[in-house]
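Asks: Pasting a structure here, questions to come.
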Amino acid sequence: MRIILFGPPGSGKGTQGDLVERRYGFPKISTGDLLRRAVREKTPLGIKAEAMMNRGELVNDEIVEGLVREKIAAPDTRQGYLLDGFPRNLAQVQSLEDMDGRRPEVIIVIDVDERSLVERMQGRLTCRKCGAVYNLLLQKPRAEGRCDVCGGELYKRADDRPDVIRERLRVYQEETKKIRAHYQAKGVFYRVDGSGTVDEVFGRISGILDRELASGEANKAQR
């Protein structure tokens with residue numbers, strides 16, 4: 001199974017993706033993580049990406065799609081995987097279906113109202129050392145001002161201001177509108193209420209995945 005997780009900034013998408021990976025064993029594929037690793041390890045795609053970033057350019061679809069293609073061809077993704085941050089446009093949707101089109105898929109969008117998202121993101125803290133993200137409303141660090149993972153200092157990003165947040169939400173809705181319509185037409189699109197605790201949201205997501213996995217197994221048994 002392929003799981004594609006969407007959600008606006010502040011929806012908790014990254015946290016939910018981690019929980020899905022731990023429960024179901026499907027590797028979480030984050031394009032941001034793939035890109036950083038490729039640059040760090042000086043892979044051919046990483047070298048190309050680093051050159052673009054050094055010139056102040058955005059990394060193009062060709063490189064991002066190449067990184068995803070390499071990852072989903074790895075042995076640990078044979079039973080399934082979860083995509084976080086990909087696809088971002090219809091061209092990437094088509095590329096994904098070209099490279100792995102026969103795999104059953106489930107697309108889940110975490111919906112949270114704008115007011116709640118602004119409140120969440122204003123309470124967000126990021127580790128300067130490892131990049132882990134916390135939230136004073138939903139996921140507080142155990143020690144105030146310090147990362148649970150590495151002990152690094154937590155700080156508030158300069159762009160977590162209401163006006164900037166609202167613009168990021170507007171851009172997200174515009175960028176994903178056509179993608180959502182595509183998956184709705186395929187009948188594999190689910191909306192999940194993103195309000196409540198992390199565990200409550202995960203319960204809604206896992207309910208969908210449990211049903212889809214059970215349906216897939218039943219279909220296999222009938223063949």
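The values are calculated or read from the model by the stated rules, or taken from the named source; none is laboratory data. On a predicted model such as this, the values are computed, not experimentally measured, just so you know. Cβ: placed from backbone, ideal geometry, glycine included. Neighbour counts: every protein chain shown. Ligands, DNA and RNA are stripped out before the accessible areas are found, and what is left, the full protein with its side chains, is counted by its heavy atoms. Shrake-Rupley method; radii C 1.70, N 1.55, O 1.52, S 1.80 Å.
Asks: So which residues in the stretch 74-88 are open to solvent by 30 Å² or more (accessible area, probe 1.4 Å) and either more than 25 Å from residue 22 (Cα to Cα) or part of a helix (DSSP H, G or I) (or both)?
Replies: Scanning the stretch 74-88 gives 75, 76.
Asks: If a residue has to be open to solvent by 30 Å² or more (accessible area, probe 1.4 Å), of a type in the set (D, E, K, R), touching a residue at least 24 places away in the same chain (Cβ under 8 Å) and not in a strand (DSSP E or B) to count, how many in the stretch 120-143 make the cut?
Replies: 2
Asks: In the stretch 31-77, what residues are basic (Lys, Arg), closer than 23 Å to residue 13 by Cα and free of Cβ contacts under 8 Å to residues at least 12 places away in the same chain?
Replies: Passing the criteria: 36, 37.
Asks: Another question, then. Any residue in the stretch 192-206 that is within 21 Å of residue 136 (Cβ to Cβ) sitting within a Cβ distance under 8 Å of a residue that is of a type in the set (S, T, N, Q) and open to solvent by less than 30 Å² (accessible area, probe 1.4 Å)? List the pairs, counting only those 6 or more apart or interchain.
Replies: Within 8 Å, the pairs are 194/11; 198/16; 201/16; 202/16.
Asks: A further question follows. Quickly run through the stretch 144-186 and pick out the residues that are touching a Gly at 6+ places or on another chain (Cβ under 8 Å) and either in a loop (DSSP other than H, G, I, E, B) or open to solvent by 40 Å² or more (accessible area, probe 1.4 Å) (or both).
Replies: 146, 153
Asks: Are there helices (runs of 4 or more DSSP H) fully within the stretch 1-73 with at least 1 residues that are over 30 Å from residue 210 (Cα atoms) and open to solvent by 30 Å² or more (accessible area, probe 1.4 Å)? List them.
Replies: Fully inside the stretch 1-73 and qualifying: 31-41, 44-54, 61-72.
Asks: I would also like to ask the following. Looking only at the stretch 89-101, count how many residues are polar (S, T, N, Q) and surrounded by 16 or more Cβ atoms within 10 Å (Cβ to Cβ).
Replies: 2
Asks: Go through 118, 59 for me and flag whichever is at pLDDT below 95, out of contact with any strand residue (DSSP E or B) (no Cβ under 6 Å at 6 or more places or on another chain) and closer than 30 Å to residue 193 by Cβ.
Replies: 118
Asks: Taking the options 215, 206, 195, name whichever one is more than 17 Å from residue 106 (Cβ to Cβ) and of a type in the set (S, T, N, Q).
Replies: Answer to the check: 195.
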